[in-house]
Amino acid sequence: MVKKSRVVDWEFNPFDLLSDEILFDILDYLDHNPFDKKSFSLVCKDFYRVESRHRRVLKPLRSELLIRAIDRYPSVERLDLSSCPRITDDSLAAISNAYKFCLRSIDLSRSRFFSNAGVSNVVVNCKFLVEIDLSNATELTDSGAVAISKASNLEKLWLARCKLITDIGIARIGIGCRKLKLINLTWCLGVGDLGVDFVAVKCKEIRSFDLSYTTITNKCLPSILNLQYLEELTLVGCLGIGDEGLATLEKGRTSLKTLNLTNCDNVTLWGLPYLTSRVTCLSHLNLTNGSVVTEAIANSLQNLPKLQSIKLDGCHVTCSGLEAIGNRCILLRELSLSKCSGVTDEGLSFLVKKQKELRKLDITCCRKITQISVDNVTKSCTSLTSLKMESCYLISKEAFTLIGERCHHLEEIDLTDTEVDDAGLMSISRCKKLSSLRLGICYNLTDNSLIQVGKICRELVELDLYRSMGITDLSIAAIASGCPRLEMITLAYCKDITDTSLVSLSKCSRLSVVEIRGCSSISSAGISTIALGCKQLTVLDVKKCHNVDDAGLLPLTNFSRSLRQINLSYCSITDVGLLALANIACLQSMTVLHLKGLSADGLVAALLACSGLRKVKLHASFKSLFPQPFLEHMESRGCLFQWRDKPVQDGVDPWVWRHTARMNANIMYLLDEV
Amino acid sequence: MANPTWRLGQNSDVDIELWLLEMDFNALERELKMDFKVKLYSESWNDSSLGNDKSKSSMTNICSQKPQLKWDDSSSPDCDMRIDSPFPKFNEQSESLSPRSYIHDNQIKIQDQIASQARGMLFDVAKHKDWDPQSMLSNLSFLEQKIHQLKDLVSFIVDQGSLVAGQQDELVAQQQQLVSADLTSIIVQLISTAGSLLPFVKSPLPTPSPLSGQLGGTSSVGRSPNVGMSKASLDNNDGSKGLCNSDQNKHMIDCVSDHNCTGKTNHSHSMSSFDDHESKDEDDVGEGDHLPPGSYEVLQLEKEEILAPHTHFCLICGKGFKRDANLRMHMRGHGDEYKTPAALAKPNKDSSSEHMLMKRYSCPFVGCKRNKEHKKFQPLKTILCVKNHYKRTHCDKSYTCSRCHSKKFSVIADLKTHEKHCGRDKWLCSCGTTFSRKDKLFGHVALFQGHSPALPFDETKGTAVSAGGETAETSNRIGSTELNVGSNSSEGNNIQNVVDVKGGADDPACYFSPLNLDTCNFGGFHEFPRPPFDIPEGSLSFFLSGSCDYNQNNGSAPSSDAFS
């Protein structure tokens, strides 16, 4: 390579006519596909140099290549290390040394093995650091927080699950980083009211504050709500926040727009009206798994004239509550009632008649809903873009035709586990903008309607046909030829699918997620065509494809260079195939359960060879077979083992399966009601 | 001390002298009025003259009106005009605050007090006629200035009040307080000026009057318009050794002749308090639990009684108890008659207690402020207070804290309270202040710019590098002059660094032991043959060791490659 380029140097190089600025402009347009830039840099030395200087975002896939990558790219502003499980203090020192003046953002959320010292190095040297993500740094202590506090320009800070940081550390950060705009303290169990209160007092610029699963109580609410620019407040699972505190909140200015009170069990219908009267600018309210939504609560929503989106997932919503929401909210665009018990045709129909501007409606698992609601929803909310109605199996087949007839703007529809039939789907296929179509467990569907979808819905990106038994290769061929943008397809347990489908799918070059679980007709030949055609494949699930063997894996190792995740359980893979997978540099997650041809030694060799691995699911029986030093070594590389001890599962009759699944869901539902 | 004989003997003389003083005061007053032309001043007189009018009506049958009438004649035209003067609002509102308005309200009560003061003055006038006009003049001109200032303020308030119709209560109250405070100071000044003329403070006071003490705070200022009343009150006091507490002054006449004097117990006390009432009248107002002297009974326990472990003793067997409830429980064993509900009930909660005098206690230690002989005597509320007070102030501190071995206590409860918190001053601020409570630390840090909560000692010790950075920074902040300190701290940290390096065994690739450093490739840093830990130069050593760290890391790159 080096020799070649030397030879070229002496000859005339037409690319020399292009100035760096022009090359930069060209590179600006090459953002979509990471391979494009790679090809660009391989054109000539000059291009290589320009590309190195142009790159602002670096996401190394392997820790051990980090040092070299740093040498190559001198002006990286954003360093995403989320694919590097092992980042030591040495690596951080090298980073901080190389990017003293340009680094703006660093993501260490998935990395381990660095200490307070490393963080201190980065923060002290990279003076212009604006964002730092230290989530999951469970060993980071207050001294680490003190180190962070030296970054006076810091604007965004993620400290999720930094459980050792206490009020003292947070207070230091509050004193040091006055410009903070975003702070995430999810699961910071060491942080209490005092620290949060202090940060809220000191960092006046905060826009976004995430305090999920912390031990804070009502005491720090006033100072948080007094933050002048606060727009987003997330309080998921804050059990210390209760009604008494909300009741004593004083009215004042607050610019809060998004409030998430998911799983705040102590905020009930008594406290909520106080809150809504306090945060009047609110546009997005999330009350998932909250209290009973009664008329009183819904009435209190009239204090929020700007409310656009409300999520009541898992709440018990009364009929009068729904009616009050319909009456009191002015411009509701998004409503989520997923898993809400108490949602009836009467309430929902009243609501949608009042809220005609609704764009997104989620009625997943509202099992009392029938065609009456669908009729009213489609009649009133004609501009719906998203409709999720999974498991609404009381809706009759005829109702689905109404959706297609009336809602032409649909982009996303979830019909999983409903009674939708060909006529219904044909009607829905009129929505030309449809990008996400979920048709899992729709036993009434056949090829006819899906061929229609393939003809019309050219924007389709996501298609889920999980256990839709009526589907054959014909449908997939139509989809593959009609939907070039397809990125994700699930054909799990579609028994009639064969290699032919994969051959047709290999034309979809953007395909990245392929799930063909339990399609027993699929063989290695199909897998190799996918590997050849879909270069961007990142997730492949071939569980229970018994005919897939080593021959199918070999093309994968050669062509699917961006494969991250693979599930090979129950396949006919041996040590050889597994070892070949080591060739895929960025493979991170591997599930290998119940592989008959696998030996412990072969597995050890394969795991050692796959150096980028972060998560491996294995049968528990291997645990005793592996030598302890090997396990330790893997752990030190940042690889986690998940041991499973499930017995071998055989296929079940789909009707029986669906029946049991629904029965189980109903039991859960009834338990919830009680 | 006071000598009633004097009063009795020189009654007529006193009358005359009083009259003289009144004339003097009136003259001075008019002079002031004319000279300063202060509305407010006359305004404030207004009140008193109003009060005077009322008191006059109530007193017509008591004493001769001549002097008073004369005084009224001299000043009342002025006063009457000003009753409707542009400050009616101020007048009403200031009632509760200004001492003079108090007079207005409770004029009758005050008369006695004023009378006694006037008497005092009179007495002194009679004795010390020599005074310094020069200092008097300067005092008066000072007063003039002050009154001018006050006048400006009040006129400003008036303007404001006319502009803004609905003034906020807070503001009004503040202004009132301001004005009344100024007024009070002026009055005090005036009195002290008069005092230089009549230095009665030093002289013994003529009449022991419990009420004078009671009203000391409010009526410290002897109002010359009221001096006319002094005759009446003098007459009143004649023959009585002290006024009855329960008695109201409006029935003064009744009091004069047939007085059941309950004041015997308070006698000495009220005398002593009267002694210094002139000086302490200002600061006494507003002190907590300030019972007027005389409204309670003063008891004094002996030292032995106070220090006795038991205060309640069984009359039958002699066993002692700390609490009377325990005694009552014990008494049950002596017979059935002690088991009745009446015998077991708490004894001192009977209905007649309302009529009984409240009990207050005096400390037996002479010279103590809590001793009744002290001129600023402050009584103790309960026996327990006496015990604690006596042990804390006048006994040896025999209980030593078992944790810090330095704090000593004489009350065991204090020791226990201390031991709860001793050694827990774990919350440390960067300024060096320690706190026993985290919220106090946070309050402190929030209050002061530049302060920050410091990490607990053990943690800073554990994580060396960042701690080193911190001390280096602080030494930088301290400045280059204190290089010694800096080098010490950084050296200490470097030592910790070494310790930490050895301690980091679970991740060998993270750190390199000093041994490795020697063998490792240092790149361009060969000019530093020593390991970085030995560099002694102050805060610089931090940066040097930091930069060596990088090279050390660069050098480690191949080995980490080999590892993974």
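Here are a few things to note about the model shown:
- Any hit, region A:184-192, residues being farther than 18 Å from residue A:232 by Cβ, touching a residue at least 12 places away in the same chain (Cβ under 8 Å), at the interface with another protein chain (Cβ under 9 Å from one of its Cβ atoms) and not in a loop (DSSP other than H, G, I, E, B): no
- Within the set A:236, A:196, the sole residue that is closer than 23 Å to residue A:268 by Cβ, within 30 Å of the chain's Cα centre (by Cα) and buried (at least 20 other Cβ atoms within 10 Å of the Cβ) turns out to be A:196.
- In region A:122-138, the count of residues that are at the interface with another protein chain (Cβ under 8 Å from one of its Cβ atoms) and under 25 Å from residue B:446 (Cβ atoms) is zero.
- Being part of a helix (DSSP H, G or I), closer than 22 Å to residue A:546 by Cβ and in contact (Cβ under 8 Å) with a residue 24 or more places away in the chain is a property that does not hold for residue A:665.
- Apart from one condition, residue B:328 fits all of (1) over 23 Å from the mean Cα position of the chain (by Cα); (2) of a type in the set (Lys, Arg); (3) part of a loop (DSSP other than H, G, I, E, B); the exception is (3).
- Selection of region A:90-106 for residues being among the polar types (S, T, N, Q) and within 26 Å of the chain's Cα centre (by Cα) yields only A:105.
- Filter result for residue A:331 (modelled with pLDDT under 90, under 30 Å from the mean Cα position of the chain (by Cα) and more than 21 Å from residue A:394 (Cα to Cα)): yes
- Qualifying residue in region A:260-275 (condition: in a helix (DSSP H, G or I) and of a type in the set (D, E, K, R)): no
- Filtered by the rule that a residue be under 31 Å from the mean Cα position of the chain (by Cα) and either aromatic (Phe, Trp, Tyr) or in a helix (DSSP H, G or I) (or both), region A:54-89 gives A:54, A:63, A:64, A:65, A:66, A:67, A:68, A:69, A:70, A:72, A:73, A:89.
- Residue match in region A:612-621 (condition: assigned to a helix (DSSP H, G or I) and within 24 Å of residue A:527 (Cα to Cα)): no
- Among the residues of region A:143-161, the ones that are assigned to a loop (DSSP other than H, G, I, E, B) and more than 13 Å from chain B (Cβ to nearest Cβ) come to 6 in all.
- Residue check for residue A:349: surrounded by fewer than 17 Cβ atoms within 10 Å (Cβ to Cβ), out of contact with any Cys (no Cβ under 8 Å at 6 or more places or on another chain), on the phi < 0 side of the Ramachandran plot and not β-branched (Val, Ile, Thr): no
- Condition met for residue B:141 (at pLDDT 75 or above and of a type in the set (Gly, Ala, Ser)): yes
- Meets criteria (touching a Lys or Arg at 6+ places or on another chain (Cβ under 9 Å) and more than 14 Å from every other protein chain (Cβ to nearest Cβ)) for residue A:51: yes
- Taking residues in region A:64-87 that are within 11 Å of another protein chain (Cβ to nearest Cβ), and partners anywhere that are among the acidic types (Asp, Glu), the pairs with Cβ atoms closer than 8 Å and at least 6 places apart or on different chains are A:64/B:561.
- Considering region A:89-121, the residues that are among the polar types (S, T, N, Q) and at the interface with chain B (Cβ under 9 Å from one of its Cβ atoms) include one that is surrounded by the fewest Cβ atoms within 10 Å (Cβ to Cβ), namely A:97.
- Members of region A:496-523 that are in contact (Cβ under 8 Å) with a residue 40 or more places away in the chain and either basic (Lys, Arg) or part of a helix (DSSP H, G or I) (or both): A:517
- Pair list, Cβ < 9 Å and 6+ apart or interchain, from region A:466-488 residues that are in contact (Cβ under 8 Å) with a residue 24 or more places away in the chain to residues that are part of a loop (DSSP other than H, G, I, E, B) and aromatic (Phe, Trp, Tyr): A:466/A:493; A:467/A:443; A:467/A:493; A:468/A:443; A:468/A:493; A:469/A:443; A:469/A:493; A:470/A:443
- Any hit, region A:199-210, residues being more than 14 Å from every other protein chain (Cβ to nearest Cβ), among the polar types (S, T, N, Q), closer than 22 Å to residue A:287 by Cα and out of contact with any strand residue (DSSP E or B) (no Cβ under 7 Å at 6 or more places or on another chain): no
The values are calculated or read from the model by the stated rules, or taken from the named source; none is laboratory data. As the structure is a computational prediction, the values presented were derived from the model and not from experiment. Every residue, glycine as well, gets a Cβ built from its backbone with ideal geometry; the counts of neighbours run over all protein chains shown.
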